[in-house]
């Protein structure tokens, strides 16, 4: 969670690297919509968490409205303070994340993915660091996912994944290999 200006800048830097934009200074006017979206997410988190002065609250309210509109536009429902640094959204489209979910550093998430609770529960998944979620993956319920796990396309995870460095797939998901998620993440994150 972003708790200071230093955290905010660190999150921006790690997200930029995760998106493969390490050498770019700022997003291009066109073709960098995902990077712009992630920057807006982090800025909104910063103002929501850290800026309690009058101007900060006022501008923070404006940012929340702007972020809400961006979520609707891109059909990507990511609440504030859920993802750690190094978020990489591969493609926009039907990404739904529960506000009670907690996702660690260096997560890459594909389109049509759901990370949610069941039947109105207040508990949601907790994913470790370096997790990859393939297209159409579903992670549902009060479960934990270990570090360095890859969840394959259209997999449905409904139980804990305790084995680090593995790949899971199927409905319901089961371990399909001992390959880690690292190959699915930007290599610059690990330099």
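Only helices enter this figure: runs of n ≥ 4 DSSP H residues, each worth -39500 (n - 2.57), summed and divided by the residues of the chain, yield -9500 deg cm²/dmol at 222 nm to the nearest 500.
Rounded to the nearest 5, what is the percent of antiparallel bridges among the DSSP beta bridges in the chain? Display every interim value, and only then the final one.
Details: 3 of 26 bridges.
Roughly 10 percent of the beta bridges in the chain run antiparallel, per DSSP.
Under the 0.36 nm per residue contour assumption, what length would be gained going from the current alpha-carbon distance of residue 5 and residue 159 to full extension?
Details: separation 154, 0.36 × 154 = 55.44 nm, distance 3.67 nm.
So the extension gain works out to 51.8 nm.
Residues of segment 125-157 falling in the label zone of residue 176, defined by backbone nitrogen less than 11 Å from a point 7 Å along Cα to beta-carbon, are 134-135, 151-156. For the chain, take the longest principal axis of its alpha carbons; what is the angle in degrees between that and the long axis of helix 5-18, to the nearest 10 within 0 to 90? Roughly 50 degrees, rounded to the nearest 10.
Out of every Cα pair in segment 3-50, what percent are spaced more than 12 Å from each other? Don't skip to the end; give the middle numbers.
Working: 688 of 1128 pairs.
Of all Cα-Cα distances in segment 3-50, 61 percent exceed 12 Å.
The equivalent ellipsoid of segment 1-140 has semi-axes of 22, 19, 15 Å, largest first, where each one is the square root of 5 times an eigenvalue of the Cα gyration tensor. Working from label points 7 Å from Cα in the Cα-to-Cβ sense, the residue 22 to residue 72 distance is 3.9 nm.
In percent, rounded to a whole number, the relative contact order of the chain is 15, using alpha-carbon pairs under 8 Å and six or more apart. Against the main long axis of the alpha-carbon atoms of the chain, helix 33-50 sits at an angle near 70°.
Would you please put 28-35, 94-101 in order of how densely packed they are, using the mean number of other Cβ atoms within 10 angstrom per residue and starting with the highest?
Sorting 28-35, 94-101 by mean packing, highest first, produces 94-101, 28-35.
Each peptide among 178-184, 165-171 gets the average number of other Cβ atoms lying within 10 Å of its residues, and from highest to lowest they stand as 165-171, 178-184. Extending 7 Å from the Cα toward the beta-carbon at both residue 118 and residue 58 defines two label points whose distance is 4.8 nm.
The Cα trace of segment 90-183 gives Rg and Dmax of 11.7, 35 Å, the first to one decimal, the second as a whole number. The separation of segment 61-101 from segment 130-153, counted between C-alpha centres, amounts to 17 Å. Expressed to the nearest 5 percent, the antiparallel share of DSSP beta bridges inside segment 90-183 is 15 percent.
All of the numbers you see were taken from the coordinates with simple rules; none came from a lab. Keep in mind that what you see is a predicted model, and the values were worked out from it rather than measured. Note that we place each Cβ from the backbone using ideal geometry, even for glycine, and neighbour counts take in every protein chain shown.
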